[in-house]
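Student: Have a look at this one before I ask anything.
The values are calculated or read from the model by the stated rules, or taken from the named source; none is laboratory data. All values reported here derive from a predicted model rather than from experimental measurement. Here the Cβ positions follow ideal geometry from the backbone for every residue, glycine too, while neighbour counts run over all protein chains shown.
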Amino acid sequence: MQRLIFLCAFLYCISTNTAAQDCNITFKGRIIDFHDKTPILGASIAVINLNRYTTSNMDGVFEINNLCKGKIILEVKHISCETKQITIDIDKKISKDIYLEHHLEELNEVILRANTKTDQSSVEQSLKKAVIEQFTDKSLGDAIKTISGVSALNTGNSIVKPMIHGLHSSRLLIINNNVRMFDQEWGDEHAPNIDINASDRIDVIKGANTLKYGSDAIGGLILLRAKRYTVKDSLFGSILSSFNSNGLGGSLNSELIRTYNSGYYTKAQMNYRKFGDFKAPNYKLTNSGVESLNGSIQFGYNSFEKGFDAYYSYVNNEFGILQSSHIGNVNDLVNAINSQQPRVIENFSYTINVPKQSIVHHLGKIEAYKRYKGFGKLTVQYDFQINRRKEYDLRRGDLKNTPVIDLRLFTTSLQPNLQVDYFNNLKINTGLLVRYQQNDAISGTRTSPLIPDFDKFDAGIYAVGNYRLDETTDLSVGFRYDFSDINARKEYNITDWQETYNYDELFPEFEDGDIKGTDIPTNPRFTYHNMSASLGLSKKFDNNILLLANYGLASRVPNPSELFSEGLHHSAARIETGLLTIGKEIANKFILSLEKNNNNFGFAISPYYKGISGFIQLIPVGITTTIRGAFPVWEYNQVAAQIFGIDIDVNKKVSNNFSYSGSLSLLQGDNLTDNIPLIHMPAANFSNRLSYVNANLNQLTIRLSQKTSLQQNRYPDYNFFTYNATLQENVFVDISSTPPSYSLFGMHTSAVFKFSNKGSLKLEFNIENMFNKSYREHLNRLRYFSDDLGRNYNLKLKINY
Amino acid sequence: MKITNTIKITKLLAILFISVFIFTACSDDDDDDDHDHDSEEELITTVKYTLTNGSDVVTLTYSDPDGEGGNDGTYSPAEPSLTANTTYTGVVQLLNETESPAEDITEEVKDEADEHEFFYTSSGLTITKTDVDGNGNPLGVETSLITAGAGSGTLTIVLKHEPTKPNDGSSSSAGGSTDVEVTFNVTIN
């Protein structure tokens with residue numbers, strides 16, 4: 001018997017050997033879905049080195065016959081799957097299970113599913129890399145303002161704070177490379193410290209489904225994404241430079257990417273931007289220059305099953321602030337409002353004098369993931385940020401170069417995240433967050449700090465489920481709970497503590513030691529529990545029509561300025577006061593969107609409604625007299641508010657080369673408590689663009705654009721009279737009236753010249769504010785002092801290699 | 001391969017953590033646990049306008065020692081009185097009395113005379129600036145004040161930082177930012 005077996009084995013060996021020589025080995029494989037282990041039908045399998053093809057059957061099984069001994073390279077492809085290449089040694093293995101990743105799109109887009117999306121069909125709306133590059137020498141706010149429903153709160157022309165549906169600052173989450181930005185975003189004149197050149201795509205999410213990143217996205221969410229690189233061996237890069245006639249400056253951006261077959265990749269990017277004084281149509285805007293130096297490095301390993309990504313970015317911005325906006329008391333403000341042009345107009349200069357802001361932001365993160373067969377993906381992310389903000393004002397003597405505001409905010413967080421894609425129709429995304437934050441009001445400014453020292457601790461847990469009801473209908477449900485604890489140290493003026501605000505009776509537990517002179521040391525401490533939720537439905541109809549409906553419950557804890565700020569705000573001639581009695585803000589948000597995604601004719605119609613209880617706003621409450629004269633006092637208070645409106649986008653292909661796109665945003669904000677309009681709401685605006693693109697002629701593109709912003713007639717009237725001792729009469733202080741409507745026209749031309757297989761040169765010539773229109777925008781904080789920017793000629797040059 | 005990857009990730013994490021420590025620890029601005037900020041603020045708490053005619057010395061004082069907010073400032077004397085038809089020599093002084101001894105901010109103003117100017121507005125009084133800055137433009141720390149007949153009126157003193165110089169003599173058209181603006185009630189006997 002043994003002999004027989006031996007003989008059989010021997011014969012078998014010979015037979016395989018001979019078979020090998022005859023090349024008749026059969027390799028049998030099975031294609032299986034990585035997530036739920038179901039067989040995949042109809043995958044195409046190519047033996048690349050033999051130029052042979054087959055497909056998988058109902059059971060996911062395929063066979064390749066007549067193989068010789070040795071290595072074969074298989075390439076497995078399936079619709080909506082990641083293409084996979086594997087090398088198999090036929091000598092050892094003649095059967096194999098091959099796992100395919102079947103939900104590639106969904107995996108990266110969980111937060112976008114069942115959500116309103118920006119119109120993908122029109123370039124201006126999608127903010128892909130090509131659009132971002134048009135704004136290479138501008139800011140995030142300038143770039144996303146092109147999306148309907150998005151506006152900006154400006155301080156001059158360089159400090160641009162994005163606004164979604166009239167909401168900004170702490171009500172808007174900005175996610176930079178999966179890290180939530182903490183850069184003293186509470187201030188109206190604090191623009192996000194982001195270099196848009198570092199990102200590959202920017203998404204603006206207006207709807208509710210933002211729970212992964214926080215419970216407080218009352219306004220919405222801005223997502224900046226880095227590019228995911230394909231696994232192959234390559235080295236490429238680009239240099240983008242931009243020159244502008246207005247401000248006689250521009251930027252230079254360079255990036256270099258190396259990817260490896262093994263899945264490793266690395267990217268380095270650097271950007272320098274410099275502008276001198278900008279020009280309004282009729283005069284120079286003295287001290288409005290900008291200088292910034294930014295860089296980012298990224299290193300990672302990317303494979304289907306596991307990988308990591310390490311990212312670090314540095315942003316250093318110096319913004320000059322219009323010199324004429326530096327004023328003292330309310331009489332200076334009256335003089336500025338009544339004067340038709342800024343009081344200081346000097347010759348062009350690159351020098352940035354006071355007043356100015358100088359901000360450095362460091363952001364670092366490391367993220368690692370691992371996928372488990374038939375279960376899901378586990379991700380762990382650690383990140384840190386350091387934000388150092390210095391604001392300089394006009395001072396005397398030794399303090400000339402000492403900032404009036406010097407704050408350092410350190411934030412670090414750890415976020416484990418789990419995506420479960422085991423179930424066929426149900427995807428679950430859940431995670432935890434632990435975050436610590438420390439604010440340090442740096443000593444040496446010889447001012448009382450606007451924001452005190454504080455320590456803040458946050459913890460959160462969330463879960464979002466996406467359920468596919470049928471082929472056309474998706475449902476998503478999410479919950480999130482957050483805990484916050486803020487512990488501050490601040491000295492209050494004893495009269496304010498005891499009499500003005502009555503804190504000694506409201507918060508006796510915060511008193512921390514004996515009265516020192518006119519001040520009392522305190523230790524205010526607050527804890528908050530926040531619940532938030534989201535509900536989303538998406539339904540597909542014929543002809544690419546998609547209907548989305550979202551409901552969101554968001555709640556936001558007051559930010560440090562709403563609680564603690566105290567003091568003079570320059571360029572506004574006002575004293576701003578936060579109150580310890582401010583509580584949290586809770587919003588119910590509804591948004592509907594009917595979309596048709598098509599190049600020939602597409603549209604998106606999105607009405608929305610937000611009801612906000614405890615809406616925190618900063619409004620004038622009276623006048624106080626100081627040694628510097630009279631100042632209006634602006635205090636934070638809470639009211640019931642509602643904001644509703646509609647965003648409409650349309651695109652239509654007129655002919656082969658010509659296409660049209662347009663958008664319209666209407667919005668109304670009401671203070672329901674006082675039955676008056678809400679302050680600082682964007683006015684109705686619309687835009688039209690006509691493009692000519694010739695793909696055969698160096699992708700020649702010519703585009704004319706128009707944007708009109710109507711006068712905001714719904715504003716709360718906070719105008720007042722003040723006694724002017726010099727004139728010895730009462731004068732009217734018109735801080736509320738809004739500037740008239742304006743229309744701006746622009747032109748964009750570009751062409752691409754290929755000089756090698758990979759290399760190309762893109763030339764761009766643009767004109768902004770073509771007719772040199774003088775205008776003021778009511779959402780520009782410097783509108784009392786000067787007109788907005790005049791005409792600008794811009795030339796861009798991009799080399800890809 | 002698996003092990004080396006894990007090692008690599010661990011190494012990277014370690015480097016990142018260390019760099020955080022370096023960033024936080026090595027910053028020149030670290031306050032540690034010392035949170036008593038800037039007890040000495042740069043403030044103007046007091047405006048003194050001293051008028052002298054021989055032995056007739058009148059000092060108008062406005063003082064707000066706790067700065068903006070808190071208690072309102074006070075005037076002393078409440079009803080200063082000047083002699084009718086008299087020429088006084090006036091000197092203005094700005095003090096920061098939160099410091100001990102009080103800091104004389106007028107000195108800083110004089111050092112940067114070309115960037116500053118005092119403006120005087122009054123009903124019933126004629127005030128002339130008698131000093132100049134380095135460019136020969138009026139400064140207004142020193143003045144000459146002439147009273148008319150008996151009555152009552154107000155006197156407003158304004159200090160502008162970076163006004164247009166020279167100007168037409170009125171504070172509103174001179175621009176700049178207001179560092180001081182106080183109004184005294186005056187009686188002339």
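Student: Among the candidates A:LYS145, A:LYS138, which residue alone is within 26 Å of A:ALA683 (Cα to Cα), charged (D, E, K, R) and in contact with a Ser or Thr (Cβ under 8 Å, 6 or more places away or on another chain)?
Tutor: Just a single option satisfies the conditions, and that option is A:LYS145.
Student: Taking region A:507-525 as the search range and keeping residues that are surrounded by fewer than 12 Cβ atoms within 10 Å (Cβ to Cβ) and either outside the structural domain of A:PHE564 (by TED's automatic domain parsing) or under 23 Å from A:PRO560 (Cβ atoms) (or both), which one is farthest from the chain's Cα centre (by Cα)?
Tutor: Ranking the candidates gives A:GLY513 first.
Rundown of residues vs (1) exposed (fewer than 15 other Cβ atoms within 10 Å of the Cβ); (2) touching a Leu at 6+ places or on another chain (Cβ under 9 Å); (3) in contact (Cβ under 8 Å) with a residue 24 or more places away in the chain, yes/no style:
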| residue | (1), (2), (3) |
| --- | --- |
| A:ILE32 | no, yes, yes |
| A:LYS37 | yes, no, yes |
| A:ILE40 | no, yes, yes |
| A:ALA43 | no, yes, yes |
| A:ALA46 | no, yes, yes |
| A:SER56 | no, yes, yes |
| A:PHE62 | no, no, yes |
| A:LEU67 | no, yes, yes |
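Student: Taking the stated definitions as given, is A:ASN246 assigned by TED's automatic domain parsing to the domain that holds A:GLY669, under 21 Å from A:ASN780 (Cα atoms) and assigned to a loop (DSSP other than H, G, I, E, B)?
Tutor: yes
Student: Within region A:580-612, which residues are crowded, with 18+ Cβ neighbours inside 10 Å and under 26 Å from A:SER484 (Cα atoms)?
Tutor: A:LEU580, A:ILE582, A:LYS584, A:GLU585, A:ILE586, A:ALA587, A:LYS589, A:LYS610, A:ILE612
Student: Moving to a separate point now. If a residue must be more than 14 Å from chain B (Cβ to nearest Cβ), touching a residue at least 12 places away in the same chain (Cβ under 8 Å) and of a type outside the set (Val, Ile, Thr), how many such residues does region A:472-508 contain?
Tutor: Selection size over region A:472-508: 13.
Student: Tell me, please, whether a residue that is assigned by TED's automatic domain parsing to the domain that holds A:PRO740 and within 18 Å of A:LEU153 (Cβ to Cβ) can be found in region A:690-705.
Tutor: No, there is no match, as no residue in region A:690-705 is assigned by TED's automatic domain parsing to the domain that holds A:PRO740 and within 18 Å of A:LEU153 (Cβ to Cβ).
Student: What residue, among those in region A:470-492 that are more than 30 Å from the chain's Cα centre (by Cα) and assigned to a strand (DSSP E or B), is surrounded by the fewest Cβ atoms within 10 Å (Cβ to Cβ)?
Tutor: Ranking the qualifying residues of region A:470-492, first place goes to A:ASP470.
Student: Right, next: Restricting region A:209-243 to residues that are in a loop (DSSP other than H, G, I, E, B) and of a type in the set (A, V, I, L, M), which is surrounded by the most Cβ atoms within 10 Å (Cβ to Cβ)?
Tutor: A:ALA217
Student: In this structure, is B:THR156 over 16 Å from B:ALA113 (Cα atoms), touching an Asp or Glu at 6+ places or on another chain (Cβ under 9 Å), within 11 Å of another protein chain (Cβ to nearest Cβ) and at pLDDT 90 or above?
Tutor: Against the criterion (over 16 Å from B:ALA113 (Cα atoms), touching an Asp or Glu at 6+ places or on another chain (Cβ under 9 Å), within 11 Å of another protein chain (Cβ to nearest Cβ) and at pLDDT 90 or above), B:THR156 qualifies.
Student: Based on this model, can you work out whether A:ASN724 counts as on the phi > 0 side of the Ramachandran plot and buried (at least 18 other Cβ atoms within 10 Å of the Cβ)?
Tutor: no
Student: Could I ask something else about it? Report, by residue number, each residue of region B:109-129 that is within 11 Å of another protein chain (Cβ to nearest Cβ) and surrounded by 18 or more Cβ atoms within 10 Å (Cβ to Cβ).
Tutor: Of everything in region B:109-129, those that are within 11 Å of another protein chain (Cβ to nearest Cβ) and surrounded by 18 or more Cβ atoms within 10 Å (Cβ to Cβ) turn out to be B:VAL109, B:HIS116, B:PHE119, B:TYR120, B:THR121, B:SER122.
Student: Name the pairs: first residue in region A:148-159 and without any contact (Cβ under 8 Å) to a residue 24 or more places away in the chain, second residue of a type outside the set (Ser, Thr, Tyr) and assigned to a strand (DSSP E or B), Cβ to Cβ under 9 Å, at least 6 apart or on different chains?
Tutor: Pairs that qualify, where the first residue is without any contact (Cβ under 8 Å) to a residue 24 or more places away in the chain and the partner is of a type outside the set (Ser, Thr, Tyr) and assigned to a strand (DSSP E or B): there are none.
Student: Somewhere in region A:338-345, is a residue in contact with a Ser or Thr (Cβ under 7 Å, 6 or more places away or on another chain) and among the small types (Gly, Ala, Ser)?
Tutor: no
Student: Would you confirm whether any residue within region A:153-166 is in a loop (DSSP other than H, G, I, E, B), modelled with pLDDT under 95 and within 14 Å of the chain's Cα centre (by Cα)?
Tutor: no
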